[in-house]
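A short worksheet on the structure shown next.
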Amino acid sequence: MDSESPDEPKKTKSKTPRKPKESVLKQKSPAEFFAENKNIAGFDNPGKCLYTTVRELVENSLDSAESISELPVVEIVIEEIGKTKFNSLIGLVDRERVDAELYDDYETNKAREKRLAKEARAQEIQAKNAALGKKVKEVAASKGIKGRGEASFYRVTCKDNGKGMPHDDIPNMFGRVLSGTKYGFKQTRGKFGLGAKMALIWSKMSTGLPIEILSSMRNQSFISFCRLDIDIHRNVPHVHLHEKRENKDPWHGAEIQVVIEGNWTTYRSKILHYMRQMAVITPYAQFLFKFVSDAPEKNVTIRFARRTDVMPPVPLETKHHPSSVDLLLIKRLIAETSKQNLLQFLQHEFVNISKSYAERLIGEMGPDFTPKMTVKSLTSQQIVRIHQLLRQAKFDDPSGDCLSPAGEYNLRLGIVKELHPDMVATYSGSAQVFEGHPFIVEAGVSVGGKDVKQGLNIFRFANRIPLLFEQGADVVTRTAIKRINWSSYKINQMQDKIGVFVSIVSTKIPFKGTGKEYIGDDITEIASAVKYAVQQCCIQLKSKIVKKMQAREQQERKRNLSKYIPDATGAVYSVLKEMTQLHASKKSRYSDDDVELLRKVSANLITKETLSEKLAKHVEQVDYEMALEYATQSGVSEEPRETIYIPPLEAENKTIDLHAPFFVFRIFQ
């Protein structure tokens with residue numbers, strides 16, 4: 001048998017190369033996209049999910065009530081649900097652990113010994129510090145390791161007195177993402193148009209439980225009840241129960257209940273801060289907030305009372321400004337328009353294009369365009385030409401008539417109601433424009449107050465909703481910190497309690513970041529408007545602060561002068577007594593006026609007390625004249641500043657409101 005040559009290669013089994021799988025074209029529904037990218041809508045983690053759910057439900061309630069000019073009454077309840085209660089809700093029986101080592105929170109004997117030794121050392125150090133008389137911090141109670149599976153669940157309920165929803169529309173309003181009533185071109189509170197739909201998606205992801213809706217419209221004899229969840233892959237509602245119930249009380253509005261995973265402990269302060277800021281910007285609304293837990297010490301109940309019945313006007317839907325449109329939007333407007341020719345299309349689908357200006361634009365487009373040409377027959381090249389001209393042509397700025405700012409009166413009232421400041425000033429600017437979109441900036445600056453920290457306390461609002469996250473990069477924060485010279489307005493930026501309130505409303509809020517939680521500092525028009533509004537408030541405050549300083553100085557002068565009145569009185573009276581004795585012994589001769597004065601002293605008509613009164617009056621007069629002269633030289637004008645609360649009126653009273661920055665004059669018809 002021949003041996004194999006070492007140079008001869010070994011035979012190996014030949015492997016057939018794998019063929020790569022052919023890529024399959026897949027499609028995601030909108031619901032599936034937002035479920036996988038929930039952080040875009042503000043659902044980053046369980047705590048943020050609880051906060052965003054509360055915010056979305058509250059803002060929907062306010063929109064609903066304001067749409068029918070009803071003073072909002074909103075009740076929000078967060079109920080903590082324990083593990084046993086949650087399991088009973090989903091029909092799951094509690095089971096004891098059989099294999100303890102299987103769980104994430106299992107603690108080995110070595111780890112337990114290490115933890116107990118560490119706790120013993122900490123207690124020993126505490127005992128030594130106590131013996132030496134040092135300040136002793138309480139040792140935190142030992143907590144077991146919390147496993148990843150130990151989630152916290154909450155039932156969130158929001159009830160309002162708003163418009164309600166049509167019975168047949170409820171499933172699609174809650175169970176179909178990117179469908180709603182707020183997609184017109186107007187100022188809206190929402191940032192994504194998702195509303196409670198995202199809360200339902202999070203509920204399905206974290207608990208699997210459906211959402212429950214009660215709704216009734218005005219003069220409706222029944223209440224709609226709907227229990228549903230969402231088919232995320234198909235983006236359609238899955239209705240469990242949809243029925244009509246008797247409306248015994250004449251109630252209208254909506255009540256929404258959803259069970260979600262959350263974290264109250266870490267986001268408690270954010271949720272309460274949000275409710276407080278919402279009460280500032282909507283003083284015409286009444287809020288009742290409750291947190292309910294099995295542990296009574298964790299329960300919270302806060303009522304934010306209504307202080308006025310003056311509501312901002314409802315935002316109006318408007319048309320697009322020619323300079324703000326893009327190619328896609330022009331194509332959509334052409335597809336949806338009811339106008340036949342190009343002239344009518346330009347006139348009626350955009351703001352600030354008159355008939356004569358539309359004719360000039362068409363003439364500038366070129367020979368291929370005529371006023372009577374059918375708008376639906378425009379080619380892609382012709383649409384591009386229209387877009388180019390609309391971007392280059394000059395148009396009047398859009399008016400701010402379609403916007404609904406909070407109003408200077410409501411902003412001032414909200415600040416006074418919630419913060420109780422020593423001084424407050426407000427300013428409401430006129431409508432301005434960026435990229436073809438109108439916007440209005442309102443500002444308030446307060447000094448002093450209840451529960452206000454030293455330094456700058458910044459409150460930001462966009463379309464009348466509070467912005468609580470990513471404050472450092474926001475245009476309001478950067479303006480307040482870097483662009484306002486507070487000392488020139490007699491305000492100490494580090495020591496005074498300063499509240500800076502800025503509200504921006506627009507048909508398009510230029511949010512930054514995926515969560516849309518702040519307005520960037522890169523839009524010059526908005527940054528300039530914010531700076532000017534804050535400066536106007538500071539100018540008003542400077543006048544008040546100067547007056548306060550004058551009053552303080554006046555009191556100090558009066559106190560210093562009054563301090564010497566007893567000594568001066570005693571010295572003058574003793575001199576007069578001595579002169580009286582010399583006059584009586586005829587050792588000295590005096591004029592007739594002096595003789596009359598000495599006669600009154602000897603007759604006790606002038607005493608130490610009368611001299612003291614005369615000197616006190618003289619001090620008052622001199623002090624008043626000095627203060628008046630100082631005020632005249634510094635140019636300070638007197639302006640009355642009083643807080644006025646208007647009590648709610650009955651619905652049948654017909655009134656006309658005349659608005660001013662500091663009051664509303666109401667005429668009864």
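The values are calculated or read from the model by the stated rules, or taken from the named source; none is laboratory data. Since the structure is predicted, the reported quantities are computational estimates derived from the model, not experimental observations. With ideal geometry, Cβ positions are generated from the backbone for all residues, glycine too; neighbour counts draw on all protein chains shown. Accessible surface areas use protein heavy atoms only, side chains included; no ligands, DNA or RNA. Shrake-Rupley method; radii C 1.70, N 1.55, O 1.52, S 1.80 Å.
A compact table of results
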| read-out | value |
| --- | --- |
| FRET efficiency, K114 to E297 (Cβ-Cβ, R0 35 Å, nearest 0.05) | 0.65 |
| Probe 1.4 Å, protein heavy atoms only - accessible area per residue of segment 424-641 in square angstrom | 54 |
| Percent accessible area from carbon and sulfur atoms, segment 424-641, protein chains only, probe 1.4 Å | 51 |
| Rounded to the nearest 20 debye, dipole of segment 356-410 from Cβ charges on Lys, Arg, Asp, Glu | 400 |
| Over 21 Å between alpha carbons, listed pairs K186/K355; K450/K544; K558/K617 | K186/K355 |
| Relative packing of 296-303, 401-408, 46-53, which averages over residues the other C-beta atoms within 10 Å, highest first | 46-53, 401-408, 296-303 |
| Mean Cβ neighbour count within 10 Å, used as a protection proxy, ranking 494-503, 305-314 highest first | 494-503, 305-314 |
| Rg/Rg_globular for segment 424-641, with Rg_globular taken as 2.2 N^0.38 Å and Rg from C-alpha atoms | 1.76 |
| Normalised contact order of segment 164-288, rounded percent, pairs of Cα under 8 Å and 6 or more residues apart | 26 |
| By average C-beta atoms within 10 angstrom, highest first, the peptides 474-480, 98-104 | 474-480, 98-104 |
| Accessible area (Å², per residue) of segment 348-421, counting only protein heavy atoms and a probe of 1.4 Å | 50 |
| Projected label distance in nm at H238 and K83, using a 7 Å step from Cα toward the beta-carbon | 2.7 |
| For segment 327-392, alpha-carbon Rg over 2.2 N^0.38 Å | 0.97 |
| Whole-angstrom gap from segment 336-389 to segment 480-526, using each part's C-alpha centre | 41 |
| Sequence-separation-based contact order of segment 327-392, relative, with Cα cut under 8 Å and 6+ spacing, percent | 39 |
